[in-house]
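The values are calculated or read from the model by the stated rules, or taken from the named source; none is laboratory data. Predicted model only: the values in this text are computed from it and were never measured. Neighbour counts run over all protein chains shown; Cβ positions are idealised from the backbone, glycine included.
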Amino acid sequence: MYDTILIPTDGSEQASRGVDHGLNLAEQYNASVLCLYVVDERRHGRPPALGSVEAEHEKVEDEAVDMLEEIADRAREVGLEAACECCRGLPWEEIIDYAERDNADLIVMGRRGATNDRRTPLGSVTERVVRQTEIPVQAV
């Protein structure tokens, strides 16, 4: 049913639930796993700007790559193919672009991310992904 599952994360506890669920589904369907972290330019600024903005991006990217590799290693331990990518931009746009470019059959992500705003059922990024893509999205 699913050949390729995209699992975007921002490293938050909510997103971690999406990661766990996405990996379980990938194992169940023997699907390839795509792991994605987007350095949110709304939160960290848009380069080119001051050198401190670029340094902040690089720090966040280094931490993200380590986290993505851990997720990919978990997938590989159960015999799944896994790829990782860290990029910069607006998270919902990058998630959708990556999913479409790599022909993901399903996007599995946390209902909320780092902001964990409980006033709405879905966080802003998850809601935008659900609304703007034709690819099925499972919000965990």
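Residue count for segment 55-91 under the criterion of being of a type in the set (A, V, I, L, M, F, W, C) and within 12 Å of TYR37 (Cβ to Cβ): the result is 10. Taken over segment 95-140, the criterion of being surrounded by fewer than 17 Cβ atoms within 10 Å (Cβ to Cβ), assigned to a helix (DSSP H, G or I) and either touching an Asp or Glu at 6+ places or on another chain (Cβ under 7 Å) or at pLDDT below 95 (or both) is satisfied by SER124 alone.
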